Amino acid sequence: MAAINRTLLPADKERIFSHASIDRGSWQEAFLAEVENDLNIPRAMAVVWDMLRDGELDPTTKVVLLLDFDRILGFDLKNYLQSDLPQNKVDAQTYLASVPPEIANKVHEREALRSRGDYSHADHIREEIEASGYTIKDTEQGSLVQPRRLEDEFTVLSSSGDVPENISGPDLFEFSVNLLAHNSREDLERCIASICRHTYHRSIELVIVDNGSTDDTLPYLQELVRNGDLTGENGQPVGLQVLFADHNMGFAAGRNATMRASRGHYIVLMDTSIEVKGNIWEPLAMTLADRNMGVVGPYGLVTEDLREFEESSGPDVDAVEGYLMAFRRELLSEVGWIDERFRFYRLMDIHCSFFFKTSGYRVLTMPLVAERIEKHPHREWFSLSEDERATKSKKNYDIFRDRWHHGQSLLVANYRSDNLWRGHDHPYHLEGTHTHAPDELPPAGTTHTHNHQHWPDHSHEHPHYHENRQS
């Protein structure tokens, strides 16, 4: 409507609605040609925009053509143009009436400063208005103030792939704590505050995705971003990245987005139902320093049939529950991104854990971490009816079962040490029978990629080094 308003204001409104004869030139023919070409509305709309941008066409003719075109397009532009809405679009008082009183007062203060020629202080007031999340545009009719568009102020996503991935980037923090928010202000705020109270001098960043919230979670996160980095219990900064999805992308896509953005040596996928009560960072870092460790966390699951899973204190388990899952960021190149068909959270954690297992890593529970957190009720689960829970869980189980129906050899119950070939220099690295000849290895310090195995009946492919390659 902005382009229409700009066209309407200088137009001769009496001529527009008087049915006076106006030369429509070739634009009407071009528009009708596209409509008659199998009702090609996208091409017809392209004609409309080209017409509006035509610098040689006067505003009155443009509006007359728009009304002609709208008889087919059906936007009801005639009633719009005859209403008060176009004038309201440029009326400063209309804008002021729609913003909080404190913002309106700042606009009046700025206008007074400008009228006195005090542009320096007026610019300072403008900065304060923009810092509060509003834009201001000076026109002949006055200052137009309105909320800033989300994408003008924040990082807005339509998919996880919109986030540049940092797998191979340098470690800017020790821990990247990933949080996923969707209409969960109370849980999110409690979780964030608990992390900041228990940083224990660790270098931590929070990476948060708002997954299409429609409640007060959204303004809470917007204000968090405007205030900058957070602060730990001893005054040290806590890094903050907040990504705003323009719709609910689903649970797995939200997790992928935060992982792609993470810049810590360790990634911690934390549910917002978790409240940190003590030093979880030291045991996580000490455990993950072991290169054989894949994913670790406070709560573990085991199974004997890939159907029924039960809680286990481990230490080795078949899966770490998604309340808290921690791993080295560098392992993402091996285990890959989470399958985004998991729009609901259930079984996604098990599915993900199995990728660490098939890559030759241990999956471990950590009771000490469990002692230092509190697990509150999971709001999403309790917000669903029994039928909704069953339907969503069944859909996710089918995704899991389709990928891991042959995964019995990975289970703790079936573990045999001679069937696990850790690293990439094992004699059974290729096809489970042999490894590379010396002349097949890449130069020292470089990777190559091919299908290889860590188990007799499981293979995968990713770029990897060979540590026994001599320089």
Which is in contact with an Asp or Glu (Cβ under 6 Å, 6 or more places away or on another chain), free of Cβ contacts under 8 Å to residues at least 60 places away in the same chain and not polar (S, T, N, Q), of E374, E310, E386, E321? E321
Could you count how many residues in segment 114-130 are under 19 Å from R226 (Cβ atoms) and open to solvent by less than 70 Å² (accessible area, probe 1.4 Å)? 5
Is there a residue being touching a strand residue (DSSP E or B) at 6+ places or on another chain (Cβ under 6 Å), modelled with pLDDT under 70 and charged (D, E, K, R) anywhere in segment 415-430? no
Taking interchain pairs and intrachain pairs at least six residues apart, which have beta carbon atoms under 9 angstrom, with the first residue in segment 329-350 and at positive phi and the second outside any loop (DSSP other than H, G, I, E, B) and open to solvent by 30 Å² or more (accessible area, probe 1.4 Å)? G336/F355; L347/F309; L347/Y397
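Of everything in segment 113-136, what is of a type outside the set (A, V, I, L, M) and closer than 18 Å to P101 by Cα? Give them in sequence order.
Narrowing segment 113-136 to residues of a type outside the set (A, V, I, L, M): 114-121, 123-124, 126-128, 130, 132-135.
Passing the criteria: R126, E127, E128, E130, S132, G133, Y134, T135.
Considering each residue of segment 5-30, count those that are of a type in the set (V, I, T) and either open to solvent by 40 Å² or more (accessible area, probe 1.4 Å) or at pLDDT below 65 (or both), and give that number.
1
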Looking at segment 123-150 only, could you name the residues that are touching a Phe, Trp or Tyr at 6+ places or on another chain (Cβ under 9 Å) and either in contact (Cβ under 8 Å) with a residue 40 or more places away in the chain or farther than 29 Å from G212 by Cβ (or both)? G142, S143, L144, V145, Q146, P147, L150
Pairs under 6 Å by beta carbon, first residue closer than 16 Å to L172 by Cα and open to solvent by less than 10 Å² (accessible area, probe 1.4 Å) in segment 230-258, partner of a type in the set (D, E, K, R) and part of a strand (DSSP E or B), six or more apart or different chains? G239/E205
With a cut-off of at least 3 residues that are out of contact with any Pro (no Cβ under 7 Å at 6 or more places or on another chain) and basic (K, R), name the strands (runs of 3 or more DSSP E) lying wholly within segment 298-361. none
Filter segment 212-229 for residues that are open to solvent by less than 30 Å² (accessible area, probe 1.4 Å) and polar (S, T, N, Q); which is farthest from A193 (Cα to Cα)? S213
How about segment 246-300: which of its residues are farther than 23 Å from P377 by Cα and of a type in the set (D, E, K, R)? D246, R260, R263, E282, D290, R291
Within segment 345-387, can you find the residues that are at pLDDT 90 or above and of a type in the set (A, V, I, L, M)? L347, M348, I350, V363, L364, M366, L368, V369, A370, I373
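The values are calculated or read from the model by the stated rules, or taken from the named source; none is laboratory data. These numbers were taken from a predicted model, which means no experiment stands behind them. So basically every Cβ, Gly included, is an ideal-geometry build from the backbone, and we count neighbours across all protein chains shown. Keep in mind that these areas ignore ligands, DNA and RNA; they rest on the heavy atoms of the full protein, side chains included. Shrake-Rupley method; radii C 1.70, N 1.55, O 1.52, S 1.80 Å.
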